[in-house]
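Worksheet for the structure shown next.
The values are calculated or read from the model by the stated rules, or taken from the named source; none is laboratory data. Fair warning: this is a prediction, and the values are worked out from it, not measured in the lab. Using ideal geometry, Cβ is built from the backbone for each residue, glycine included, and neighbour counts are taken over all protein chains shown.
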Amino acid sequence: MAAKTKIVKTIRIDVDKCNGCRACEVICSAFHSDPPFSGVNPARARIHVIREPLSDIYVPVFAGEYVAAECAARDKYIIDGKEYEECLFCRASCPSRDRFKEPDSGLPLKCDTCQSDPTVEVPLCVQVCLADALTYEEREEVVEEEGTAVDDLDAGLEALVDRYGWKKVADAVARMSRKD
């Protein structure tokens with residue numbers, strides 16, 4: 001694959017500033033409702049705040065790439081004397097847990113920095129973060145060319161097959177093709 005220059009959009013998280021209000025989860029789930037802003041379901045949010053209010057620990061975590069296999073990493077983190085499993089801070093949508101999956105279909109979710117038409121200049125979670133724990137950055141990077149939309153389709157179909165089985169997915173596709 002050839003390398004190219006690309007604008008990389010990221011959201012920087014300062015966990016020391018996060019107060020655990022979860023406004024980012026609310027706006028994200030509302031934005032990704034169908035139609036947009038028609039409802040709020042934090043399970044649909046592409047950001048989740050890990051909360052330990054008694055220890056004053058709040059860690060926003062964004063949804064990352066889907067991984068088809070459960071990871072083998074089981075490291076432990078100790079924060080203010082409490083032990084946490086690495087899985088809690090993981091951004092991946094994986095078969096071993098329900099976080100960052102569409103609640104109705106089980107399809108994996110990924111943060112898209114509020115890509116929409118019309119374009120949102122700054123992701124909504126950053127706009128509503130009154131504590132300034134989330135900041136938006138754009139920078140140029142040299143990257144390998146990305147996979148195609150077929151890769152995303154394959155990941156989505158794999159997730160459906162894992163959840164419902166090949167026969168049910170094939171039957172659903174057959175029913176859908178008859179509707180056209």
**OP:** Return a yes/no flag: does the stretch 55-63 have any residue that is at pLDDT below 85 and of a type outside the set (A, V, I, L, M, F, W, C).
**Re:** yes
Original post:
Which residues, counting only those in the stretch 77-103, are out of contact with any helix residue (DSSP H, G or I) (no Cβ under 9 Å at 6 or more places or on another chain) and of a type in the set (Gly, Ala, Ser)?
Top reply: Ala92
Original post:
What do you reckon, is Pro95 in contact (Cβ under 8 Å) with a residue 40 or more places away in the chain and either farther than 21 Å from Ala159 by Cα or not hydrophobic (A, V, I, L, M, F, W, C) (or both)?
Top reply: yes
Original post:
Out of all the residues in the stretch 126-135, is one or more part of a loop (DSSP other than H, G, I, E, B), surrounded by 12 or more Cβ atoms within 10 Å (Cβ to Cβ) and within 19 Å of the chain's Cα centre (by Cα)?
Top reply: yes
Original post:
From the residues in the stretch 46-80 that are more than 18 Å from Ala23 (Cβ to Cβ) and of a type in the set (A, V, I, L, M), which one is surrounded by the most Cβ atoms within 10 Å (Cβ to Cβ)?
Top reply: Val67
**OP:** Counting only residues that are over 14 Å from Cys125 (Cα atoms) and out of contact with any Phe, Trp or Tyr (no Cβ under 8 Å at 6 or more places or on another chain), give me the strands (runs of 3 or more DSSP E) lying completely in the stretch 1-94 with at least 3 of them.
**Re:** 3-13
**OP:** Check the stretch 116-127 and report whether any residue there is in contact with a Gly (Cβ under 6 Å, 6 or more places away or on another chain) and not aliphatic (A, V, I, L, M).
**Re:** no
Original post:
How many residues does the stretch 145-180 hold that are at pLDDT below 75 and polar (S, T, N, Q)?
Top reply: 1
Original post:
Given the structure, is Asp98 assigned to a loop (DSSP other than H, G, I, E, B) and closer than 23 Å to Leu134 by Cβ?
Top reply: no
Original post:
Given the residues Ala73, Ala68, which is the only one that is among the small types (Gly, Ala, Ser), over 17 Å from the mean Cα position of the chain (by Cα), in the same structural domain as Thr119 (by TED's automatic domain parsing) and modelled with pLDDT under 90?
Top reply: Ala73
**OP:** Could you check Ala159 against (1) in the same structural domain as Cys18 (by TED's automatic domain parsing); (2) touching a Lys or Arg at 6+ places or on another chain (Cβ under 8 Å); (3) in a helix (DSSP H, G or I) and say which number it fails?
**Re:** (1)
